[in-house]
Amino acid sequence: MYNLDLFDSANFAKKVKKDSVSQKDITDLPKIILPGIKAKVCDTTKPIKGKFMPSFFPAIGYTQVSGWLVSATANLSVYTDNPDSTKLSVIKTGGEYSLKHQTITWFITNFWTKNNKIDFIGDCRYYIFPSNTYGLGTNTSLNNADPIDYSYLKIYEEVLRRFGSFYAGGGYDLDYHYNIKALSENTDFQNYNQGAASTTSSGLAAHVKYDTRINMNNSTDANYVSVTYRYNSTLLGSSNDWQYVLLEATKYIPIGKTKSVIAFWTWNEFTFGCKAPYFDLPSNGWDTYGNTGRGYIQSRFRGKDMVYLESEYRFPITKNGLLGGVVFVNCESESQWPSNKFEYLAPGEGLGLRIKMNRQSKVNLCIDYGFGILGSRGFFFNLGEVF
């Protein structure tokens, strides 16, 4: 039996690397542009228990799936206890409205208690989402975009407890899609969805993970492995009895003293049992933070199962940490329908800029441009690293 009170805070503290006072973030731009401005010198990189470290990004922009939009994204990070022995807790929230009449709001949380004994995980969202779907499988075309319209309510809540180096627990997951309208005929969506105006996936989840990340906003030397099993039951209001497994892993490898990092990420989803609702099938851009498939529009590929692998090289551009860059490659495959075989690959690649928004929480504004096959390309934005 593990004694959770004997948390190895000494080793944990060694991994919490303190930046020097020379580190800068976006709030230092006036002093950088106008060096004559006097400012009080203090160690603002030192984390403080209970102090929220906010990052906020309002924008007018354009995305492939939403078109022109206005948005606001916030990251609120805080150490709930001693920073030398407790992981950084993070709230990600925001909303956007587009000229395509899309409305999206989200509230994603990951809270750690003292010595990381308990991890509270939440993911709540609301969508009004007129958009396109492109059929099932990886062998689909942008020319076959099928307009659809639906609303979506998502509520995921989990509680995990620490057992040595592992965490285990579970929770409840709800995916409710309603006001579903198909605007084309004889499509994969219509054939699969069979005219359903609403679908519900309601189930209990079991979750086990291994997590050595100290700061999930920006990890540099850590490993993460997660396995989630979910059983959706008609007894809980689900449209069908179906099951779901998610396998996720990340690894971060620092390169010498350069502050560069090579990062790897894999995200794999599998459904089985009775037929899963169409919008609950695995699809790119529908992971927790909407980042799988850079280089492709969200929902470009969808299938009963999905495998995904990505690698990213992160490097500093300025020594003060204000600017950084990345290059990335990824590859995914969604199973064909109805054979459920993996037959095609969809690679992606690109590069990006990182702007330090908060030196304490190490939150970056990520601006990436990705390329896919068959003419797919576009900008991708994130507050906090992509993975």
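The table below lists the values:
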{"item": "Only one of 81, 149 that is of a type in the set (Asp, Glu), surrounded by fewer than 21 Cβ atoms within 10 Å (Cβ to Cβ) and part of a loop (DSSP other than H, G, I, E, B)", "result": "81"}
{"item": "Qualifying residue in the range 250-257 (condition: in a loop (DSSP other than H, G, I, E, B) and over 14 Å from the mean Cα position of the chain (by Cα))", "result": "yes"}
{"item": "Residue in the range 229-245 that is among the hydrophobic types (A, V, I, L, M, F, W, C), at pLDDT 95 or above and touching a Pro at 6+ places or on another chain (Cβ under 9 Å) present", "result": "yes"}
{"item": "Test: residue 127 is in contact with a Phe, Trp or Tyr (Cβ under 7 Å, 6 or more places away or on another chain) and in contact (Cβ under 8 Å) with a residue 24 or more places away in the chain", "result": "yes"}
{"item": "Selected residue (criterion: most open to solvent (accessible area, probe 1.4 Å)) from residues of the range 84-116 that are farther than 26 Å from residue 359 by Cβ and in contact with a Lys or Arg (Cβ under 9 Å, 6 or more places away or on another chain)", "result": "105"}
{"item": "Of residues in the range 209-229 being touching an Asp or Glu at 6+ places or on another chain (Cβ under 6 Å) and of a type in the set (S, T, N, Q), the one farthest from residue 255 (Cα to Cα)", "result": "226"}
{"item": "Tally, over the range 310-364, of residues that are of a type in the set (Lys, Arg) and at positive phi", "result": "1"}
{"item": "Of all residues making up the range 236-248, the number that are crowded, with 18+ Cβ neighbours inside 10 Å and either aromatic (Phe, Trp, Tyr) or under 18 Å from residue 168 (Cβ atoms) (or both)", "result": "4"}
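The values are calculated or read from the model by the stated rules, or taken from the named source; none is laboratory data. Just so it is clear, the structure is predicted and the values come from calculations on it, not from any experiment. Heads up, the Cβs are rebuilt from the backbone with ideal geometry, glycines too, and the neighbour counts pull from every protein chain shown. Heavy atoms of the whole protein, side chains included, go into the accessibility calculation; ligands, DNA and RNA do not. Shrake-Rupley method; radii C 1.70, N 1.55, O 1.52, S 1.80 Å.
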